[in-house]
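The values are calculated or read from the model by the stated rules, or taken from the named source; none is laboratory data. Since we're looking at a predicted model, the values are computed, not measured. Ideal geometry is used to build each Cβ from the backbone, glycine not excepted, and the neighbour counts take in all protein chains shown. Remember, those area values only see protein heavy atoms, side chains included, never the ligands or the DNA or RNA. Shrake-Rupley method; radii C 1.70, N 1.55, O 1.52, S 1.80 Å.
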Amino acid sequence: MVTIAVLGYGTVGSGVVEVLEKNKDSINKKAGKQIRLKYVLDRKEFKDNPINARLTHDIEDILNDDEVQVIAEVMGGVEPAYTFVKKALLKGKSVVTSNKELVAKHGAELLKIAKEENINFLFEASVGGGIPIIRPLNQSLTADEIYQITGILNGTTNYILTKMSEEGLDFDSVLKEAQDLGYAERNPEADVEGHDACRKIAILSSLAFGMHVDYKDIYTEGITKISDRDMVYAKQIGCDIKLLATSKKIDDKVYAVVAPIMIGNDHPLSNVNGVFNAIFVKGNVIGDVMFYGKGAGKLPTASAVVADIVDAVKHLGTNIISFWSKKKMKMMSIDEVPAKYFIRVKRDEESKAIINKIFGFVHVVYSGYEDEIAFITEEEKEGELQEKVKALQEDTEVLNVIRVEK
Ligand code: HSE
């Protein structure tokens with residue numbers, strides 16, 4: 001028998017307890033031992049809930065109980081999660097977590113402690129919810145040199161962009177509808193500004209490239225400026241607009257970007273719709289692989305947390321090696337990255353001449369809107385394109401700029 005504790009009884013925590021109960025027999029068989037949930041930590045009281053029998057408000061009850069060997073941290077946020085997790089690892093207890101803020105910020109340090117203590121720190125649920133991606137990167141794709149990861153890593157924004165594309169609606173009304181339906185948070189900033197996807201690609205990149213990719217070094221742009229007109233233009237050129245999180249290794253440098261991108265309809269990620277997530281990985285031996293599934297939600301996320309609990313139980317006394325050193329990865333400036341831009345400007349008598357003067361040859365995209373001109377640039381380094389956009393802004397009104405990958 002292995003005794004465990006769950007920190008946090010919110011959406012994911014209650015899902016973990018539910019999955020442990022619902023699939024008890026098969027989980028115990030797969031773990032090779034009986035799993036006994038002794039504690040659930042939460043600040044709140046839960047009226048008339050059987051969880052009360054295991055509820056504690058004091059982390060010390062769990063940390064000081066030598067019976068507890070595995071802890072699932074599903075509270076979210078950096079503190080107090082970081083303090084609790086670090087203390088637990090230093091006491092020789094394995095920890096599994098769904099907490100992307102914690103992993104993106106302290107993953108390298110917590111993995112190092114787990115290695116020194118010969119225990120495990122596992123975080124499958126921190127990226128892509130129920131989609132297995134951390135374990136494949138750590139274990140299944142080890143024959144490969146991974147050189148690119150591109151993902152749709154945020155369900156909220158993918159839901160919004162899908163709705164805008166399918167129903168011709170504008171961003172604000174779809175966001176409001178998503179909030180009313182409970183798909184989007186009341187404070188949607190972390191999702192719509194790309195911060196959530198940024199932390200997730202930082203975690204995947206650190207694991208894929210073996211060094212610490214700091215999320216603060218990742219160029220991040222959200223979807224708030226995407227309009228219904230942008231969607232019309234995207235369709236016109238055989239594209240969809242998706243919030244893509246990409247990291248790519250070129251020689252010994254890595255660049256990482258989170259931004260809305262017009263991608264061709266023939267790209268597998270363009271067919272990933274609604275709240276679904278997908279991660280497209282390129283390896284030098286395997287070629288292309290893609291992982292698809294539910295990137296959020298109570299039970300999909302709990303599924304990944306419980307799978308990590310099973311793995312931690314199976315590997316008591318053995319550290320599962322992960323390659324993520326504390327050494328910071330040298331990041332390539334986004335200015336050096338080649339890109340093509342889709343640009344819309346307000347139409348007047350001079351706009352065509354101004355565009356040609358600054359960009360030379362461009363591909364005009366026709367849409368039927370009389371009051372604007374849209375075009376796609378040739379491929380150039382982002383730094384050069386940004387300079388040209390600045391020059392364009394001096395002479396005309398730039399309505400939007402979106403990267404194109406087609
Ligand atoms: N807010 C996230 C999303 C879910 O919309 O994908 C948790 O990572």
Q: Name the one entry in GLU60, GLU21 that is exposed (fewer than 15 other Cβ atoms within 10 Å of the Cβ), within 20 Å of LYS298 (Cα to Cα) and at pLDDT 95 or above.
A: GLU21
Q) Taking ASP240, is it open to solvent by 10 Å² or more (accessible area, probe 1.4 Å), touching a strand residue (DSSP E or B) at 6+ places or on another chain (Cβ under 9 Å), outside the structural domain of ASN99 (by TED's automatic domain parsing) and closer than 16 Å to ALA108 by Cβ? A) no
Q: Could you tell me which of the residues THR156, THR142 is open to solvent by 10 Å² or more (accessible area, probe 1.4 Å), among the β-branched types (Val, Ile, Thr), out of contact with any Lys or Arg (no Cβ under 8 Å at 6 or more places or on another chain) and free of Cβ contacts under 8 Å to residues at least 12 places away in the same chain?
A: THR142
Q) Which pairs have Cβ atoms under 9 Å, sit 6 or more apart or on different chains, and link a residue in the range 231-255 that is at pLDDT below 95 to one that is hydroxyl-bearing (Ser, Thr, Tyr) and open to solvent by 10 Å² or more (accessible area, probe 1.4 Å)? A) LYS249/TYR147; LYS249/TYR255; ILE250/TYR147
Q) What about TYR147, is it under 23 Å from CYS198 (Cβ atoms), within 15 Å of the ligand (Cβ to nearest atom) and not in a loop (DSSP other than H, G, I, E, B)? A) no
(Q) I'd like the full set of residues that are away from the ligand (no atom under 14 Å from the Cβ), not in a helix (DSSP H, G or I) and not small (Gly, Ala, Ser), limited to the range 150-182. (A) THR150, LEU169, ASP170
Q | Criterion (open to solvent by less than 20 Å² (accessible area, probe 1.4 Å) and in contact with a Pro (Cβ under 9 Å, 6 or more places away or on another chain)) met by exactly one of GLY151, GLY129, GLY107 | A | GLY129
(Q) Taking the condition of being within 15 Å of the ligand (Cβ to nearest atom), among the small types (Gly, Ala, Ser) and either out of contact with any strand residue (DSSP E or B) (no Cβ under 7 Å at 6 or more places or on another chain) or farther than 29 Å from VAL232 by Cβ (or both), how many residues in the range 251-297 meet it? (A) 4
Q) Name the pairs whose Cβ atoms lie under 6 Å apart, with the first residue in the range 329-355 and among the hydroxyl-bearing types (Ser, Thr, Tyr), the second open to solvent by less than 70 Å² (accessible area, probe 1.4 Å), and 6 or more positions between them or separate chains? A) TYR341/THR377; TYR341/LEU385; TYR341/VAL401; SER351/VAL345; SER351/ILE373; SER351/THR396
Q: Could you check GLU189 against (1) among the acidic types (Asp, Glu); (2) open to solvent by less than 30 Å² (accessible area, probe 1.4 Å); (3) within 16 Å of the ligand (Cβ to nearest atom) and say which number it fails?
A: (2)
**Q.** Residue within the range 110-122 that is away from the ligand (no atom under 15 Å from the Cβ), assigned to a helix (DSSP H, G or I) and either among the acidic types (Asp, Glu) or in contact with a His (Cβ under 9 Å, 6 or more places away or on another chain) (or both) present
**A.** yes
